[in-house]
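The values are calculated or read from the model by the stated rules, or taken from the named source; none is laboratory data. Since we're looking at a predicted model, the values are computed, not measured. Glycine also receives a Cβ, built like all others from the backbone with ideal geometry; neighbour counts cover every protein chain displayed.
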Amino acid sequence: MSTDTPFIPQSSEEQPPDPMALRGVFQNPAFVRLWTAQVLSSLGDWVGLFAILAITARVSNNSATAVSLVMVARMLPSFFLATLGGVIVDRFDRRKVMMFADFGRAALLCVLPFANSLWVLVAVSFSLEIFTLLWGPAKDAALPSVVPKEQLANANSLGLVASYGTFPFGGVIFSALAVIATWLGGFEVLKSLSVGKETIALWVDACTFIASAFLIYKLPIPGPTHSGLKFEWNQSITEIREGMEFVRSDRRARAVIVGLGLGIIGAGAMVPLGPVYADVVLGGPAQFGVLMTALGTGAAIGVVTLLMVQRRVRREPVFEMGVIGVGVFLLGAATFSSGGLVALMVAGLGACAGAAYVTGFTILQEHVSDELRGRTFATLAAVVRLCLLLALTVSPLLADIADWVASLLIPGQAISLGGLDYVFPGVRFALWIGGSLVIIGGLYARLELTRLGREEASQIHPTRPTSRSLWSPLPDASSPNADSSNDSGVNDSGSTSEGVVETSEDESASEDKGATP
């Protein structure tokens, strides 16, 4: 395909492999190594988190303030150092950056069993997050060098599975290793090694990071774009500014990041408010477990469905509709009072969130140049963490304020409708506000991406109407170029994947001849 004319379909000789076939992704040895390393690294992160929280509770006599302090230390680096990590990723060998981060986390976890001070735990949590901020953007920036462009969506979907699908396994592994450690701690010869219930988990956790580093060692990842240039702090500050300016100036990147950010602020409110909503509205705190199960199941269904239909859909409309869908389902979950209906709404929320997350990352990877990719994903990571922190801290306060206002305006905070009392607790208002924010973010992304698509289409074909249809045109078996034309509407750069220009089969074939020598 011509790189100068991204709207022109590929020729039949350039037809990409079927992105629906995950088997094709796993036939790539480099991706298998990178994905396995991500599974081990993510599993290590979850096991380490459970272990650190257990140690914190033990050394602080179950102080909630201490646990909160450790979690704040875990999140702080993302606000100050995430973009700097992107600069490092862009200036140094990404393979070596990931290995350095893995070995650094392994070393910290090996000394953690001997820590008996809260401040040591705070420092270790802070340091672990710094290494994570190096590993994540390096992996995201290296992925397009490992897999073909047409397989990026599949690779991102599998990356999402590796990152969050390991969460329940992390809890199970930590619990099992804690039992083993407690048994081993009864032996006199092992007491000098401080074998507590978290120790074995931490040592096994360190081994996962070491294994990840060895898997990454032979990955065919290209060297740094700025090879031979001296690393200087003033140059780093300049590049950080370039990354921020790029996000502000590039409308597609800005639309995706704003959409994801507002989506996280709204949907993230479910984390602190979910238990309260389950207790106040659904009749008991046990319902919260049902909601979280529905959320995880929905996210899995969303990602798997995207894998099955992504060849027939366009990325940018999927992203927009996914973000808006998160807001709509969140409004529905906050409105209903039946546990079954709320669980159904939360499952829909998870499905839309999973699809939007995968397509958002894929759009950025397809459109951001290699020399800015690390900084862009580091900036996205910082935005995600900041929005999540806002959701965790502001939404409970908003719920309390709304509860106070509702108690003044609505007697008993309930209205009788047909013999049934519809309650208006503050948590319901807070979730309504959160859902509205998500919808605003999705509408903003749709407006920006629609305008951008029309402008790009008018530059290529000024007289043709633009299309915002979700579905790509089905290929015609009688047309030799039908498959390649359809594939270009999904797998090329974002404007092409958006499908802003719809052509007839004859027009596509004639353009194909002019674009391909």
Unique residue being outside any helix (DSSP H, G or I), closer than 30 Å to Lys96 by Cβ, at pLDDT 60 or above and over 17 Å from the mean Cα position of the chain (by Cα) when the list is Gly283, Gly223: Gly223
Close pairs from region 337-348: first assigned to a helix (DSSP H, G or I), partner surrounded by fewer than 22 Cβ atoms within 10 Å (Cβ to Cβ) and modelled with pLDDT of 90 or more, Cβ under 6 Å, at least 6 apart: Met345/Gly332
Whether any residue in region 20-27 is surrounded by fewer than 17 Cβ atoms within 10 Å (Cβ to Cβ), modelled with pLDDT under 75 and not in a helix (DSSP H, G or I) is what I want to check. yes
If the requirement is being surrounded by 20 or more Cβ atoms within 10 Å (Cβ to Cβ), in contact with a Lys or Arg (Cβ under 8 Å, 6 or more places away or on another chain), modelled with pLDDT of 75 or more and farther than 30 Å from Arg312 by Cα, which of these qualifies: Ile200, Ile216? Ile216
Answer with yes or no whether Ile433 is farther than 30 Å from Trp135 by Cβ, of a type in the set (A, V, I, L, M) and not in a helix (DSSP H, G or I). no
Across (1) of a type in the set (Phe, Trp, Tyr); (2) at pLDDT below 80; (3) within 30 Å of the chain's Cα centre (by Cα), Trp183 clears everything bar (3)
Please determine, by comparing only the residues of region 299-332 that are of a type in the set (D, E, K, R), out of contact with any Pro (no Cβ under 6 Å at 6 or more places or on another chain) and assigned to a helix (DSSP H, G or I), which one is nearest to Leu452 (Cα to Cα). Glu316
So in region 388-434, with the set limited to residues that are in contact (Cβ under 8 Å) with a residue 40 or more places away in the chain and either outside the structural domain of Ile257 (by TED's automatic domain parsing) or in contact with a strand residue (DSSP E or B) (Cβ under 7 Å, 6 or more places away or on another chain) (or both), which one is farthest from Val280 (Cα to Cα)? Tyr422
Boolean, Val195 is surrounded by 17 or more Cβ atoms within 10 Å (Cβ to Cβ), outside any helix (DSSP H, G or I), at pLDDT below 70 and out of contact with any strand residue (DSSP E or B) (no Cβ under 9 Å at 6 or more places or on another chain): yes
Say whether the condition of being at pLDDT 80 or above, in a helix (DSSP H, G or I) and crowded, with 18+ Cβ neighbours inside 10 Å is met by at least one residue in region 238-252. yes
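Quick grid of which residues meet (1) within 24 Å of Ile173 (Cα to Cα); (2) crowded, with 20+ Cβ neighbours inside 10 Å; (3) among the polar types (S, T, N, Q); (4) at pLDDT 80 or above:
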residue	(1), (2), (3), (4)
Ala30	no, no, no, yes
Val39	yes, yes, no, yes
Asp45	yes, yes, no, yes
Leu49	yes, yes, no, no
Thr56	yes, yes, yes, no
Ser63	no, no, yes, no
Ser78	no, yes, yes, no
Leu84	no, yes, no, no
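Results for (1) acidic (Asp, Glu); (2) buried (at least 17 other Cβ atoms within 10 Å of the Cβ); (3) under 15 Å from the mean Cα position of the chain (by Cα), shown as yes or no for each residue.
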{"position": "Met270", "(1), (2), (3)": "no, yes, no"}
{"position": "Asp279", "(1), (2), (3)": "yes, no, no"}
{"position": "Val326", "(1), (2), (3)": "no, yes, yes"}
{"position": "Leu330", "(1), (2), (3)": "no, yes, no"}
{"position": "Gly340", "(1), (2), (3)": "no, no, no"}
{"position": "Gly348", "(1), (2), (3)": "no, yes, no"}
{"position": "Cys352", "(1), (2), (3)": "no, yes, yes"}
{"position": "Thr359", "(1), (2), (3)": "no, yes, yes"}
Does any residue of region 305-312 turn out to be within 30 Å of Ala402 (Cβ to Cβ), of a type outside the set (Lys, Arg) and at pLDDT 70 or above? no
